[in-house]
1. If only one of 262, 309, 318 is in contact with a strand residue (DSSP E or B) (Cβ under 7 Å, 6 or more places away or on another chain) and either surrounded by 17 or more Cβ atoms within 10 Å (Cβ to Cβ) or without any contact (Cβ under 8 Å) to a residue 40 or more places away in the chain (or both), which one is it?
2. Out of everything in the stretch 164-188 that is crowded, with 18+ Cβ neighbours inside 10 Å, at pLDDT 90 or above and touching a helix residue (DSSP H, G or I) at 6+ places or on another chain (Cβ under 9 Å), what residue ends up being nearest to residue 211 (Cα to Cα)?
3. Look through 112, 72 and report the one residue that is closer than 25 Å to residue 309 by Cα and assigned to a loop (DSSP other than H, G, I, E, B).
4. Search the stretch 25-55 for residues being in contact (Cβ under 8 Å) with a residue 60 or more places away in the chain, outside any loop (DSSP other than H, G, I, E, B) and under 25 Å from the mean Cα position of the chain (by Cα), and hand back the single one that is surrounded by the fewest Cβ atoms within 10 Å (Cβ to Cβ).
5. Against the definition (part of a loop (DSSP other than H, G, I, E, B), under 26 Å from the mean Cα position of the chain (by Cα) and either at pLDDT below 90 or not assigned by TED's automatic domain parsing to the domain that holds residue 134 (or both)), how does residue 84 come out, yes or no?
6. Residue 212 is checked against (1) surrounded by 21 or more Cβ atoms within 10 Å (Cβ to Cβ); (2) under 30 Å from residue 131 (Cβ atoms); (3) modelled with pLDDT under 95 and fails just one. What number does that condition carry?
7. Can you tell me which residue is surrounded by the most Cβ atoms within 10 Å (Cβ to Cβ) among those in the stretch 239-256 that are in contact with a helix residue (DSSP H, G or I) (Cβ under 6 Å, 6 or more places away or on another chain) and not in a strand (DSSP E or B)?
8. Out of (1) at pLDDT below 90; (2) within 17 Å of residue 278 (Cβ to Cβ); (3) in a loop (DSSP other than H, G, I, E, B), what's the single condition that is false for residue 191?
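The values are calculated or read from the model by the stated rules, or taken from the named source; none is laboratory data. The model shown is predicted, which means the values in this text are computed figures rather than measured ones. For neighbour counting, all protein chains shown are included, and Cβ atoms are generated from backbone atoms with ideal geometry for every residue, glycine included.
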């Protein structure tokens, strides 16, 4: 088995699923009454710890509506949530917040890679941008996969002056177009890792396939493509925590990471939707390394706001408190 395979298996850079499930499973078996009794005390303590203007800004970003709304006919008690509702990571991530509240309170939820806007207020992982998305209330879901932050020991100057893309293309038209456009370009290392969770290309007839790389292997490159898939670009968070630069078209979908608050040329390199200006953008930032490093620093600072896990939980608790209050509960 190639060395690259061992690197991917044992040093991928991703969060430990075993650790995640162990911690989440232990938390889940604790009596909810412990959390119910602590809710007011925890909110009061966090109110003294954190900047309330900042907290309010994020709460109102995730839960946009400010007047009462009907939950509709299909709302369910939060206490009825089971692991069968789409997947155990969504269950555990929801339960981490819901177990603080009365289990008879009702909600709607749309788990998975969601772009559609629900007809009634519902908790989602992601929502489309540039539409009336106020019924989509964002929580930090599937976080073991999506919220990975790396420690990058390699400076921008010491990285290869190239861009890299590794990802599953599947039926994602934007990724297919990108791979076809830059498949033979020496400046951009492009490959489709395909589906089925395989380290190796799963289809011998597919073009431009290659094994997956570890997240750390990506950091050998100055520029890392962050292309949306079914919803957001799942690599954007760890790329922005590194000394490499995220390169992408303007986002069309957002998550708990608040992609709509990212500023082109400040937090990432923006390219056109058809990818036609990629090389000219790489040329510019390679000729202006000081500006490139400033973008990397800004991206690191943006990521840092998500590292305080107690504050993250506090914000999520306030999001759900607002949700329950404005749905007349």
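1. 262
2. 166
3. Only one candidate qualifies: 112.
4. 25
5. Working: part of a loop (DSSP other than H, G, I, E, B): yes; under 26 Å from the mean Cα position of the chain (by Cα): yes; either at pLDDT below 90 or not assigned by TED's automatic domain parsing to the domain that holds residue 134 (or both): yes.
When the stated conditions are applied, residue 84 passes them.
6. Evaluating residue 212 over (1) surrounded by 21 or more Cβ atoms within 10 Å (Cβ to Cβ); (2) under 30 Å from residue 131 (Cβ atoms); (3) modelled with pLDDT under 95 leaves (2) as the failure.
7. Residue satisfying both the conditions and the ranking: 240.
8. (3)
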